[in-house]
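Notes for the one structure printed next.
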Amino acid sequence: MEQRRHDRFPVLLKIRLDRGEGVVQDVSAGGISFVTDVRLEIGQELTFQLEFPYVLGGSIGATCTARIVRTEIKSTQYGIGASISAFKFRRLPHPHSSERA
């Protein structure tokens, strides 16, 4: 049986890639699983953005660097598994913060 170093958390988040986007299925401290229309190759390095919209105090964005470790065809899309090597979190501006009453 396969042992994982980090617990996985099922989520439904949009992932933004350089050449498209997808939907995250689960994420852990060390990796991510998502589906996308973009064909990616095992061993390929990529940078992507995630947005966590429902966090106390406002949305949080993350820019991540990862390496593709798994690909599979899922119907009309690709299932991707990636090992995250770096991530940077930032507080996103509130969508109404530029409006004045």
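Okay, here's what the table says:
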quantity: Longest exposed-site-free window of the chain, the sites being GluC sites (Glu not before Pro) in a DSSP loop that have at most 12 other C-beta atoms within 10 Å; calculated: 42-98
quantity: For Ser85, Ser75, order by how many other beta-carbon atoms lie within 10 Å, fewest first; calculated: Ser75, Ser85
quantity: Residue with peak Gaussian network fluctuation, the chain [Cα springs, cutoff 10 Å], from Leu13, Leu56, Leu46; calculated: Leu56
quantity: Relative contact order computed over segment 1-77 (Cα-Cα under 8 Å; 6+ residues apart), in percent; calculated: 25
quantity: Exposure proxy order (Cβ contacts within 10 Å, fewest to most) of Tyr78, Tyr54; calculated: Tyr54, Tyr78
quantity: Inverse of mean 1/r across different Cα pairs in segment 9-91, Kirkwood, Å; calculated: 12.8
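Here, each number is a calculation from the coordinates, and none is a lab measurement. As the structure is a computational prediction, the values presented were derived from the model and not from experiment. Neighbour counts run over all protein chains shown; Cβ positions are idealised from the backbone, glycine included.
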